Structures are given as structure tokens and as C-alpha cells.
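The structure appears right after this line, and notes come after that.
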């Protein structure tokens, strides 16, 4: 059941990443320049208060989590981040290979 849930979520997250690839592609074609939507832009459009409260929370636990880690993650294209997360979830939820030559 957990593997099914991981594969299901991974597939939906990969689909969302593909939607952002199409969105950025059409925006780039229309503007004759390369446009990439950042994670920070999407997160601030969805729920800006949680993005603003994340910095003090992470700095309270460990200050190194905000500056090099989260700032780098927030500057990445959303399609890339969603693609990586979706691929990891799909790999975690894959079916086990059957054992060959072993009796059960």
C-alpha cells in the first residue's frame, strides 16, 4: 500500500513538473527569451506566509540550513525540482524484483 502511494504521488508530482515545463516553454517561445519559473516564485504565489516563516524556523534549528541549502533550492527551476522529487518517489515505490532460483 505504501509503495502504491509513493508511486501515485511521484506520478502526480512528475505531471506537475511537466506542466511547468510546458508553461515555461510557451512563455519562452512567446517572449523570444528563456523564462524559467523559480521555486520561490511558485511558493510565494501559493502561500507566502509559510515561505516567510520558514527562514526563522530553519535558522533556529541550524543556521547552515537556510543560507546555502534553502536559498539554492529556492533559486532552482520548479520543473527541475518537481522532476527530481517525483523521480525519487517513483524509485522508492517501485516493485521489488522477483528472486530467481529461490523457493519460498
Kindly indicate the residue of the stretch 41-79 that is in contact with a strand residue (DSSP E or B) (Cβ under 9 Å, 6 or more places away or on another chain) and part of a helix (DSSP H, G or I) and also surrounded by the fewest Cβ atoms within 10 Å (Cβ to Cβ) among those meeting that condition.
74
Inter-residue pairs, beta-carbon under 6 Å, first under 11 Å from residue 9 (Cα atoms) and in the stretch 87-104, second assigned to a loop (DSSP other than H, G, I, E, B) and modelled with pLDDT under 80, 6+ apart
none
The correct count of residues that are loosely packed, with under 13 Cβ neighbours inside 10 Å and under 15 Å from residue 41 (Cβ atoms) in the stretch 80-96 is 0
Please find, among 48, 76, the residue that is modelled with pLDDT of 85 or more and within 12 Å of the chain's Cα centre (by Cα).
76
Qualifying residues in the stretch 26-40 (those that are assigned to a helix (DSSP H, G or I) and in contact (Cβ under 8 Å) with a residue 24 or more places away in the chain) - the one farthest from residue 85 (Cα to Cα):
40
Looking at (1) touching a helix residue (DSSP H, G or I) at 6+ places or on another chain (Cβ under 8 Å); (2) touching a residue at least 12 places away in the same chain (Cβ under 8 Å); (3) surrounded by 14 or more Cβ atoms within 10 Å (Cβ to Cβ), which is the one condition that is false for residue 23?
(1)
Checklist (1) at pLDDT 95 or above; (2) surrounded by 13 or more Cβ atoms within 10 Å (Cβ to Cβ) applied to residue 15, failing item:
(2)
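The values are calculated or read from the model by the stated rules, or taken from the named source; none is laboratory data. Every value quoted in this text rests on a predicted model; they were computed, and no experiment measured them. All Cβ positions, even for glycine, are placed from backbone atoms using ideal geometry, and neighbour counts span all protein chains on display.
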